[in-house]
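The values are calculated or read from the model by the stated rules, or taken from the named source; none is laboratory data. Note that the coordinates shown come from a computational prediction; the quantities given were computed from them, not determined experimentally. For neighbour counting, all protein chains shown are included, and Cβ atoms are generated from backbone atoms with ideal geometry for every residue, glycine included.
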Amino acid sequence: MTSSDTRPEIWHGTTILAVRKGGRVVIAGDGQVSVGATIMKGNARKVRPLGEGKVIAGFAGATADALTLFERLEQKLERFPNQLARASVELAKDWRMDRALRRLEAMIIVADAKETYLVTGTGDVLEPEHPVVAVGSGGNYALAAARALYPHVDGAEAIAREAMGIAADICVYTNRTLTVESLSS
């Protein structure tokens with residue numbers, strides 16, 4: 001038996017896309033969770049409202065890890081209400097410094113009516129240069145599609161849904177069962 005035979009299966013299956021246009025921000029996530037070449041679930045909810053509905057967030061990565069991060073972000077939002085940047089930075093600091101959190105394998109996109117951030121376990125809190133950002137196994141496909149559609153399609157949700165459909169056509173770890181949350185500015 002080789003060392004590759006003893007490794008646990010790698011979990012795949014997330015595409016998360018945020019689009020900001022026309023006074024709205026939308027985060028869309030597909031519902032597929034895969035273990036190796038097997039689809040384990042097709043309707044997972046990887047996008048949800050936080051902070052009394054003033055923030056939306058989507059995760060890519062291990063589900064338990066992402067739920068832990070959502071819980072921590074919720075605590076930061078309670079401590080720093082209406083300060084998404086501060087809450088995100090505090091989460092990233094904890095994530096990077098805390099021994100248990102440091103092992104979490106996930107990335108999250110968070111947005112409120114004014115700001116969007118990509119938060120990672122390496123301590124990064126990135127504000128995207130463009131009004132679209134994506135993560136996950138189909139993230140690059142969704143990002144490219146959304147950027148191409150952006151000048152031609154009205155509305156953040158329409159762009160997000162079309163781009164996620166394109167990603168699902170290309171990425172075997174992405175499906176068309178979407179969770180879409182939005183906020184107005």
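If you check Leu143, Leu149, Leu118, which single one turns out to be under 18 Å from Gly29 (Cα atoms) and out of contact with any Leu (no Cβ under 9 Å at 6 or more places or on another chain)?
Values: Leu143 fails: out of contact with any Leu (no Cβ under 9 Å at 6 or more places or on another chain); Leu118 fails: out of contact with any Leu (no Cβ under 9 Å at 6 or more places or on another chain).
After applying the criteria, what remains is Leu149.
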Original post:
Restricted to the stretch 59-71, and to residues that are among the small types (Gly, Ala, Ser) and in a helix (DSSP H, G or I), which residue is surrounded by the most Cβ atoms within 10 Å (Cβ to Cβ)?
Top reply: Ala66
Original post:
Taking interchain pairs and intrachain pairs at least six residues apart, which have beta carbon atoms under 8 angstrom, with the first residue in the stretch 135-149 and free of Cβ contacts under 8 Å to residues at least 60 places away in the same chain and the second assigned to a strand (DSSP E or B) and buried (at least 21 other Cβ atoms within 10 Å of the Cβ)?
Top reply: Asn140/Ala134; Arg147/Val132
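Among strands (runs of 3 or more DSSP E) lying entirely in the stretch 16-58, which contain 2 or more residues that are more than 11 Å from the chain's Cα centre (by Cα), within 24 Å of Tyr150 (Cβ to Cβ) and at pLDDT 95 or above?
Numbers: elements: 24-30, 33-35, 38-41, 47-50.
In the stretch 16-58, 24-30 are the strands (runs of 3 or more DSSP E) which contain 2 or more residues that are more than 11 Å from the chain's Cα centre (by Cα), within 24 Å of Tyr150 (Cβ to Cβ) and at pLDDT 95 or above.
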Original post:
So Ala87 clears everything in (1) touching an Asp or Glu at 6+ places or on another chain (Cβ under 6 Å); (2) at pLDDT 90 or above except one condition, right? Which one?
Top reply: (1)
Subject >> Matching residues in the stretch 26-61 - criterion: being within 15 Å of Met164 (Cα to Cα) and of a type in the set (Val, Ile, Thr) >> reply: Val26, Ile27, Val47
**OP:** Tally the residues that are hydroxyl-bearing (Ser, Thr, Tyr) and touching a helix residue (DSSP H, G or I) at 6+ places or on another chain (Cβ under 7 Å), restricting the search to the stretch 59-93.
**Re:** 0
